[in-house]
Amino acid sequence: MKPSGGKTRKTKSAASKANPAKGAVQWQSPVKPRPQFAKQVRTPAIDAPAQGGARQDASPRRVLVRRSGARPEERTGLILETLPSEDYALLDSGNGLKLEQYGPYRIVRPEGQAIWLPAWAKAEWDKADAVFTGNTDEEGVGRWHFPKVPLGETWPLAFDELPFYGRFTSFRHVGVFPEQGTHWAHMDRLIRNAKRPVKVLNLFGYTGVASLVAARAGAEVTHVDASKKAIAWARENQEMAGLSSKPIRWICEDAMKFVMREERRGSTYDIILLDPPAYGRGPGGEVWQLFDNLPDMVDICRAILSPNALSVVLTAYSIRASFFAIHELMRDAFTGLGGTVESGELILRERSSGRALSTSLFSRWENT
Ligand SMILES: C[S@@+](CC[C@H](N)C(=O)[O-])C[C@H]1O[C@@H](n2cnc3c(N)ncnc32)[C@H](O)[C@@H]1O
């Protein structure tokens with residue numbers, strides 16, 4: 001995987017001015033607002049840190065307060081592309097499947113958005129080394145088949161010359177989300193250009209490639225994930241990458257609990273990455289529901305930013321929402337801090353016929 005995946009195309013810029021036409025119909029919500037939003041009737045224009053109470057599953061207690069000051073500048077409709085490279089390529093897609101090259105292996109997995117026909121002949125797909133079959137849901141169960149020879153659980157991969165392991169995991173994943181490479185390249189640049197010590201917090205960090213990219217660039221990294229297995233894989237990746245001596249704290253904890261504690265302690269970070277699933281569980285069974293918990297999480301991330309913070313990068317997968325949902329959430333949360341919030345989609349560009357396969361929504365604040 002090459003960082004060239006960070007190619008950005010600005011397709012559209014939304015106007016910042018909300019100026020409803022005279023006599024425009026005022027829409028009213030037909031449903032009662034959810035309680036945590038209904039409670040936000042306190043004095044606006046207060047920039048005090050919000051109160052963090054103990055989280056109850058799927059019903060956060062944090063009282064969110066509108067921030068005072070100017071909202072950050074905005075750039076919307078950005079498409080960040082991951083182009084085919086030697087380390088990773090989306091080769092072809094269609095008929096509800098995608099054909100990808102991960103280092104030495106050609107892999108077939110379900111892909112609900114590939115509603116078109118494959119561009120390549122069946123003979124190319126038949127060269128696959130591994131095929132995942134089963135439930136087509138993102139987290140659906142299924143199994144791997146190896147049509148040529150049985151393969152081991154792991155194999156060597158690389159991002160921008162940083163080696164790590166690809167891995168046939170249950171639930172179809174392969175230990176890395178290549179579309180994230182564009183965010184990693186962005187973070188790498190920020191850390192190197194800062195020319196000062198930089199602290200990075202990687203929430204929902206999975207197998208740790210982002211943490212390794214940050215550590216290699218010179219940052220002090222805190223990596224948080226709920227899964228012991230994922231943390232163990234991340235440590236193996238650290239060794240594989242030859243970065244064992246780099247300062248990375250590997251923490252197996254519920255991400256929300258962790259950030260709440262950091263806020264109480266007054267710990268701060270210069271860059272925060274958060275890549276939450278739509279639904280997940282902490283090690284103690286804590287429920288993560290993106291729509292319920294993300295507003296609190298983003299608010300706490302703002303509270304634990306250092307005075308000279310560089311960036312907060314949010315990605316959201318498998319949700320029914322426009323990028324505007326997370327864009328406006330981020331702009332509200334970073335109100336008063338200056339900088340820019342840019343948002344859009346992460347896509348994979350197909351080698352066979354250049355089609356774009358959308359993987360996720362993103363929104364990132366940068367202190368520009
Ligand atoms: C989409 S993956 C992150 C991918 C990663 N950013 C990357 O690019 O490699 C989501 C991760 O969130 C973790 N997770 C789910 N619920 C969590 C929770 N409540 N607290 C912390 N981590 C959680 C999962 O274990 C999983 O590793």
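Side notes on the structure shown:
- For region 213-279 and region 307-339, distance of Cα centres in Å: 20 Å
- The string of couplings for region 68-80 from the Karplus curve (6.51, -1.76, 1.60, θ = phi - 60°) is 9, x, 7, 6, x, 4, 9, 9, 10, x, 7, 10, 9 Hz, one whole number per residue in order, with x for Gly and Pro.
- 172, 235, 192, 167 arranged by Cβ crowding within 10 Å, fewest neighbours leading: 192, 235, 167, 172
- Order of 127, 122 - criterion: other Cβ atoms within 10 Å of each residue's Cβ, fewest first: 122, 127
- For residue 305, residues with placed amide H under 5 Å, excluding near neighbours: 269
- Among the listed pairs 195/257; 199/257; 98/229; 98/228, those with a Cα-Cα distance over 24 Å are 195/257; 98/229; 98/228.
- Options 149, 116, 89, ranked by Cα towards positive dipole end of region 86-151, top entry (Cβ charges): 149
- For 131, 198, 312, order by how many other beta-carbon atoms lie within 10 Å, fewest first: 131, 198, 312
- Percentage relative contact order, region 86-151, counting C-alpha pairs under 8 Å, at least six apart: 25 percent
- Compared with the direct C-alpha span, the chain from residue 68 to residue 171 gains 32.7 nm at full extension, assuming 0.36 nm per residue.
- Viscosity 1.306 mPa s, temperature 10 °C, Stokes-Einstein D of region 209-345 from Kirkwood C-alpha radius, µm²/s: 100 µm²/s
- Multiplying the residue separation of residue 196 and residue 113 by 0.36 nm and removing their Cα-Cα distance gives an extension gain of 25.6 nm.
- Near residue 272, the amide H atoms lying under 5 Å from its own belong to 201, 311, 312, 313; only residues 5 or more places off or on other chains count, and H is placed 1.01 Å from N.
- Taking amide H as placed 1.01 Å from N in the peptide plane, the amide H of residue 164 sits under 5 Å from that of 157, 158, 159, each at least 5 places away or on another chain.
- Prolate/oblate/rounded call for region 79-135, Cα gyration tensor, a/c under 1.5 rounded: rounded
Read-outs throughout are calculated quantities, based only on the coordinates presented, and are distinct from any laboratory measurement. Predicted, not measured: the structure shown is a model, and the values here were computed from it. Don't worry about glycine lacking a Cβ; one is built from the backbone with ideal geometry, like all the others, and counts go over all protein chains shown.
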